[in-house]
Amino acid sequence: MATAPVAQNNFFLWGTWKNRVISKPFLTKKVPGQLKKVVLGDSFVLGLTENGKVVSWGKDMKTGCLGLGYDDSGAPVVNRDVPQEVPKLKEVVDLQMGPEHVVALTTTGEVFTWGTGSKGQLGTGKMDTVYVPAKVEALSNEQVVQILVVRNSTFALSTNGTVFAWGDNKDNILGLEEDSMKKMVVEWPLKLTLLQETRVRKLEVFDGKTIIAHIRGSDSETNYGRFETVQEDGGQEEVEEIEIFNGIDEMRKVMEKTQEWWNHLLNIKHGQPYDLPQDANLSMANQNPNQVGATIQDDLEVEPERLHRAERHLDALVTAAVTELRRTQQMPGTRNVRFILCMFIDECRLRREKVQRTIAARQLKDAKAKASAIVAYSVKDFSSNANELIRRIIADTKELQQMLDAVKTIQPVDVPSRELKATLVECLECKLQLLDSQVELLKATEGKLCDPMLPALRIIKARGNLSEPRRGSSPN
């Protein structure tokens, strides 16, 4: 029988906690392993472990913030003396809590909420109490990098610098534009359009009620390093010196952006290189041990939507980096800047290509499985009722033709996938040709007009994108 993990020293607690005063540091020893973050409710605790799990314990009779779901009798879990893992969450990187709700952010940029939603703070459209984490589906097409809670109002910042807000909107704390600012409750995430096209890099709250959005200023907003005229004596040296300093300043800015993008890239699980046996001795000192790339088995079993999500996020990183590259293209002294950006763009493109290869391979694999399940009808006795046999063959032909049309829409992005597609198309065409040949033979047994060459000609014309001859008619 396996021994239960032993709890270790987690954190000290002292000061004022709600209505209690803890005058001396109190040692909490509840959870096996280290906690990277702790949030406190009225009489309960939630902890975020180093491996991205969320645990909770204590008593919460009204808000549902324990997030532990329901017991065997169907009643919500409101009291736990021993820490219990909150379900439906994995790879969590941040945890935020308001008076009545909790928000969690995962490494993949997904946002989960639970607790009381009476003021829309859950962002799921539900206004009642939710006892287990629920994904904020309205943000499914965004990769969120930061979450923020201000009492019953919730904020999220995406990789492209867009801010979303929902929940209690008293005094327009959500920062909505005039058409929406009169709403007292916002049940779904809304984009803050008043920030215009400005790219926000970080959100901050001051004094529990003021929101600060840190932005990355554009180069057009500063006059640093600009000059109007060149002096005759030593003017060229001054220009070159200014260009050097400008280049250094650009390198600093681009390195900051690229580091931020790189951190987002490491959080995209699919598309990372596979860990091959010959790579076991490679040193990845900057690799977070909790950010492990997907294995081949993961890519074969993951939901297709997660692959498409990874593709969209990689697209966004490529677009951002290419925009930055174009901005610096004509700037003097920025050769190293362009070198760094080109390397990052190539890295993102290679990972995106890998994800696209995986998507195409999965589509072809699924099509192959469906094609194998369609057993082409085989005529064993041509003296039987020809009309009934032809009807059964036509039914199989229709199903195979639909499968062939679906396979032809798949877009391979590499040579193996393209060859696999071509092989699968040929197999389906052979099955169709076999069924067509049987139809022509059955026509012959009935003394009807037939042409044994017609099935092969149909396949040839289909491959040449020519119009197929009308069934039953002879070729010219």
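The values are calculated or read from the model by the stated rules, or taken from the named source; none is laboratory data. What you see is a predicted model; the values in this text were computed from it and never measured. Don't worry about glycine lacking a Cβ; one is built from the backbone with ideal geometry, like all the others, and counts go over all protein chains shown.
Only residues that are part of a loop (DSSP other than H, G, I, E, B) and touching an Asp or Glu at 6+ places or on another chain (Cβ under 9 Å): list them for the range 322-339, please.
Matches in the range 322-339: 331, 332, 333, 334.
For residue 26, all conditions in the list (1) more than 16 Å from residue 95 (Cβ to Cβ); (2) outside any strand (DSSP E or B); (3) assigned by TED's automatic domain parsing to the domain that holds residue 128 hold save one; what is the number of the exception?
Result: residue 26 fails condition (2) only.
Would you mind telling me which numbered condition in (1) buried (at least 18 other Cβ atoms within 10 Å of the Cβ); (2) under 20 Å from residue 263 (Cα atoms) residue 141 fails?
For residue 141, the exception is condition (1).
Among the residues of the range 96-122, write down those that are more than 19 Å from residue 263 (Cβ to Cβ), under 21 Å from the mean Cα position of the chain (by Cα) and among the hydroxyl-bearing types (Ser, Thr, Tyr).
Hit for the range 96-122 is 113, nothing else.
Mind listing whichever residues of the range 4-26 are at pLDDT below 90 and farther than 25 Å from residue 98 by Cβ?
4, 5, 6, 7, 8, 9, 23, 24
Residues in the range 64-73: is at least one surrounded by fewer than 21 Cβ atoms within 10 Å (Cβ to Cβ), over 22 Å from the mean Cα position of the chain (by Cα) and among the acidic types (Asp, Glu)?
Within the range 64-73 (the criterion being surrounded by fewer than 21 Cβ atoms within 10 Å (Cβ to Cβ), over 22 Å from the mean Cα position of the chain (by Cα) and among the acidic types (Asp, Glu)), the answer is yes, since at least one residue qualifies.
Only one residue in 161, 167 is small (Gly, Ala, Ser), buried (at least 20 other Cβ atoms within 10 Å of the Cβ) and in contact (Cβ under 8 Å) with a residue 40 or more places away in the chain, so which one is that?
The conditions single out 167.
Test residue 50 against the stated conditions and say whether it is within 30 Å of residue 157 (Cα to Cα) and either surrounded by 15 or more Cβ atoms within 10 Å (Cβ to Cβ) or not assigned by TED's automatic domain parsing to the domain that holds residue 122 (or both).
Criteria not met by residue 50.
Mind checking which residues of the range 111-132 are surrounded by fewer than 22 Cβ atoms within 10 Å (Cβ to Cβ) and of a type outside the set (Val, Ile, Thr)?
Of everything in the range 111-132, those that are surrounded by fewer than 22 Cβ atoms within 10 Å (Cβ to Cβ) and of a type outside the set (Val, Ile, Thr) turn out to be 118, 125, 126, 127, 128, 131.
Taking the range 10-25 as the region of interest, how many residues are surrounded by 11 or more Cβ atoms within 10 Å (Cβ to Cβ) and within 41 Å of the chain's Cα centre (by Cα)?
Count: 6.
May I ask you to list the residues in the range 409-426 that are touching a helix residue (DSSP H, G or I) at 6+ places or on another chain (Cβ under 7 Å) and in a helix (DSSP H, G or I)?
Within the range 409-426, 417, 420, 421, 424, 425 meet the criteria.
Against the condition closer than 22 Å to residue 122 by Cβ and modelled with pLDDT of 95 or more, how does residue 46 come out, does it pass?
The answer is yes for residue 46.
Can you name the residue in the range 414-433 that is over 34 Å from the mean Cα position of the chain (by Cα) and surrounded by fewer than 18 Cβ atoms within 10 Å (Cβ to Cβ) and, of all such residues, is modelled with the lowest pLDDT?
Here the residue is 433.
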